[in-house]
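Here is the structure we will look at, set down as structure tokens.
The values are calculated or read from the model by the stated rules, or taken from the named source; none is laboratory data. Values in this document were obtained by computation on a predicted structure and should not be read as measured data. FYI the Cβ positions are ideal-geometry reconstructions off the backbone, even for glycines, and counts take in every protein chain you see.
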Amino acid sequence: MVEERPGSEAVVGDELLARIGVPSELGEANRVVGHLLSETIWPRIRAQEAGETASREVGIHDAGIGLADDDREVGPGDFALSVTLTGPASEGEVRRMLAPALGAETAARIPLRFEVRESAELGPAYADEYRRHIRPAPGGVSIGNKRKTKTQGTLGCFARGRSGERQNMTLGLSCWHVIAEVGRAKPQKGDVVLQPSYPAIEDLGGDPEAEKYRLETLESWADPKPFPAENTADAAVFQCLDPKAADWRIFDSQATWITYSKLVDQTVDVRPKLEVGKCGQTSGTTRGVVKRIALKRSIKREDDKGRVIYFDYVDVVEIGHKGDTTYPFALPGDSGSICWKEKMNGSFIPLGMMFAEKVVSKTESYEFMNLIKHVKDVLDVELLYGKNPNS
């Protein structure tokens, strides 16, 4: 049974690992491997990708805490260090990779899972109902920066600032790379945010210059720091100048009906095997399961001069599709979606925000989530719950 607690009691990092029963030695091993990734393994892999070295030796792509066996219940003895690799390797080879950081004895003893994941490119397969022009606009629908004419993302939900005049603002929450980052141009406070996104408006035969598509203007964002710095959230907010244009609920379209689900100010401990859901502009409403937590993940992007740069994120949660489904949990364009746990009454407990994905095949993908406490802290906001009394 998953314990539901007030939202203010959300925990992250080492405190979360302790609460769910991850052995301290395993948590420390995961932290040490994270340093190994940043200091040794990732720089070598990046040099190989750039053609600076000829070697194509296998490396560790990322590492986190997962289950030793997916078929067992979650308990202190069921966790393992879970790594993905850049190529095939034996268990002995993986443990030898870890030995310089962990020591030979620890590397040989700790529970370990490892796998290789290839990447695949899928053509667009949009959930059209999430890409419509909707007012008031709910979480889960298509949005984008007006200056981004080719890419799009998802409106997560609405929030308000924690202090000063921002306490009276209605702020729309999404990812930094969805509504703030604009290719090689720097983010600008006041940039217009459209709903739906520029590409969706064109697909609908609309004019992106039309006033009705403005959901309003970029207010603040968490500038990600490039490697070797560590980041906790890819996040930004825009100000909705007309509070009546914001629906605080989440747009949830099922096969034969549409509902608007309320967010509730509660939390649960995010742990492997937890069943979750999300509503996003590309793949719509999907269900999945947490695979790994406390993950260290690197994201490759370009800076404003066109140079390749890497942003490292820590305390990331990995989500995959449920075993009884035949479609990916999320696809490109779903970034910004709020990930939630559904309550018996149909309301949603917000757990985090999607910011990246790795598509493996037409039926399998892995989505990466920043925990909602990190998102709120980097933006200095609190979420808006229930139904907007003004809309």
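Quick notes
Table: residues versus (1) at pLDDT below 85; (2) in a helix (DSSP H, G or I).
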{"position": "THR53", "(1), (2)": "yes, no"}
{"position": "VAL58", "(1), (2)": "yes, no"}
{"position": "ASP70", "(1), (2)": "yes, no"}
{"position": "VAL74", "(1), (2)": "yes, no"}
{"position": "GLY77", "(1), (2)": "yes, yes"}
{"position": "LEU81", "(1), (2)": "no, no"}
{"position": "GLY87", "(1), (2)": "yes, no"}
{"position": "THR106", "(1), (2)": "no, yes"}
{"position": "GLY123", "(1), (2)": "yes, no"}
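- Selection from region 250-299 of residues that are within 14 Å of the chain's Cα centre (by Cα) and of a type in the set (Val, Ile, Thr): VAL270, VAL276, VAL289, VAL290, ILE293, ILE299
- Selection status of LEU241, touching a Lys or Arg at 6+ places or on another chain (Cβ under 8 Å), not assigned by TED's automatic domain parsing to the domain that holds GLY34 and not small (Gly, Ala, Ser): no
- The set of residues in region 131-190 being within 12 Å of GLN281 (Cβ to Cβ) and either part of a strand (DSSP E or B) or of a type in the set (S, T, N, Q) (or both) consists of ALA137, PRO138, GLY139, SER142, ILE143, GLY144, THR151, GLN152, GLY153, THR154, SER174.
- Options GLY352, GLY320: the member that is modelled with pLDDT under 90 and under 21 Å from ALA294 (Cβ atoms): GLY320
- Residues within region 215-246 that are part of a strand (DSSP E or B) and either free of Cβ contacts under 8 Å to residues at least 24 places away in the same chain or over 23 Å from GLN281 (Cα atoms) (or both), tallied: 2
- Region 129-161, residues that are more than 22 Å from ARG249 (Cβ to Cβ) and in contact with a strand residue (DSSP E or B) (Cβ under 9 Å, 6 or more places away or on another chain): ASN145, LYS146, ARG147, LYS148, THR151
- Filtering region 227-265 to residues that are among the β-branched types (Val, Ile, Thr) and closer than 15 Å to THR154 by Cβ leaves VAL237, ILE250.
- The sole residue among THR170, THR154 that is touching an Asp or Glu at 6+ places or on another chain (Cβ under 6 Å), under 22 Å from TRP340 (Cβ atoms) and either modelled with pLDDT of 95 or more or surrounded by fewer than 19 Cβ atoms within 10 Å (Cβ to Cβ) (or both) is THR154.
- Residue satisfying condition, being hydroxyl-bearing (Ser, Thr, Tyr), modelled with pLDDT under 95 and in a strand (DSSP E or B), within set TYR327, TYR313: TYR313
- Residue match in region 274-288 (condition: assigned by TED's automatic domain parsing to the domain that holds ARG135, more than 30 Å from ARG5 (Cβ to Cβ) and touching a Ser or Thr at 6+ places or on another chain (Cβ under 7 Å)): yes
- Taken over region 15-38, the residue count meeting the criterion of being farther than 13 Å from ILE110 by Cα and among the acidic types (Asp, Glu) is 1.
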